[in-house]
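Below you'll find the structure, written out as structure tokens, and then a few comments.
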Amino acid sequence: MGRWKPLPPKSSPYITAEGAQALDEELKGLWQLRRREVVPALTAAAAEGDRSENAEYIYRKKQLGEIDRRVRYLSKRLDEVQVIDRIPPDQDRIFFGAWVSVETGAGEVIEYRVVGADETDATLGYISVDSPLARALLGRSTGDQVEVQLPDSMGQFEILGIRYA
């Protein structure tokens, strides 16, 4: 049995202006700060002698590989993303970038923001435009009922409010 796995579906290329700026700052930070710290440490560790048993060298080499991998990903991703920084003309419906207040079937009120796949953050309530909930919400209006298949059950949500800003 091989280790090959099929590629995951490509995420949507959309991103908010704030998300694009955050990715750009991360790229600059990795390239200008982290990498410049790791390369001299790797060189110093390599100069210590036998590299096969040198834990510092192995650690720094792995760290540099992770930084380079993330730099390559961010560089490619920033080239292909499309920044959405305008408010849609119809602000009564849910589109990319909207803040949406929903009430769950249990009566809990939650606020989500529909954002790009690269900027999701559950602690902030940012959900990916590719997520099942966001796909169910897109195009809907205040007062609409939405039913979504969640990992463990069917979730029912009522849209209470929509805002852009």
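The values are calculated or read from the model by the stated rules, or taken from the named source; none is laboratory data. In this text the structure is predicted, and so the values were computed from the model without any measurement. Methodologically, a virtual Cβ is constructed for each residue, glycine included, from the backbone with ideal geometry; neighbour enumeration extends over all protein chains shown. Side chains included, ligands, DNA and RNA excluded: accessible areas come from the protein's heavy atoms. Shrake-Rupley method; radii C 1.70, N 1.55, O 1.52, S 1.80 Å.
Multiply the residue gap between GLU53 and TRP99 by 0.36 nm, knock off their C-alpha separation, and tell me the result in nm, one decimal place. Each step should come with its number before you reach the end.
Details: separation 46, 0.36 × 46 = 16.56 nm, distance 5.29 nm.
Taking GLU53 through TRP99 to full extension adds about 11.3 nm, to one decimal.
Leaving out ligands, DNA and RNA, and with a 1.4 Å probe, what % of the accessible surface on region 1-158 is carbon or sulfur?
Details: 5510 of 10600 Å².
Carbon and sulfur atoms account for 52 percent of the accessible area of region 1-158.
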In whole Hz, the Karplus estimates of ³J(HN,Hα) for region 156-162 (6.51, -1.76, 1.60; θ = phi - 60°; x where Gly or Pro) are 10, 9, 10, 7, 9, x, 9
Given (i) 15.4, 44; (ii) 21.5, 69; (iii) 24.8, 83 as possible values of Rg and Dmax of the Cα atoms in Å, the one from the coordinates is (ii)
For GLY155, other-chain or 5+-apart residues with amide H closer than 5 Å (H placed, Pro excluded) are VAL148, GLN149, LEU150
Computed about the Cα centre, the charge dipole of region 102-145 from +1 Lys/Arg and -1 Asp/Glu charges at the Cβ has a magnitude in debye, to the nearest 20, of 160
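If you stretched the chain out fully between GLN21 and ASP68, how much longer would it get, using 0.36 nm times the residue separation minus the C-alpha to C-alpha distance? List each step's numbers first, then the result.
Values: separation 47, 0.36 × 47 = 16.92 nm, distance 1.96 nm.
That works out to 15.0 nm of additional length.
Nearest 0.05, what FRET efficiency do GLU158 and GLU111 give at R0 = 22 Å with Cβ-Cβ as r?
Numbers: r = 13 Å, r/R0 = 0.61.
With a Förster radius of 22 Å, E is 0.95.
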Toy charge model, Lys and Arg Cβ at +1, Asp and Glu Cβ at -1: the chain dipole around Cα centroid in debye, rounded to 20, equals 820
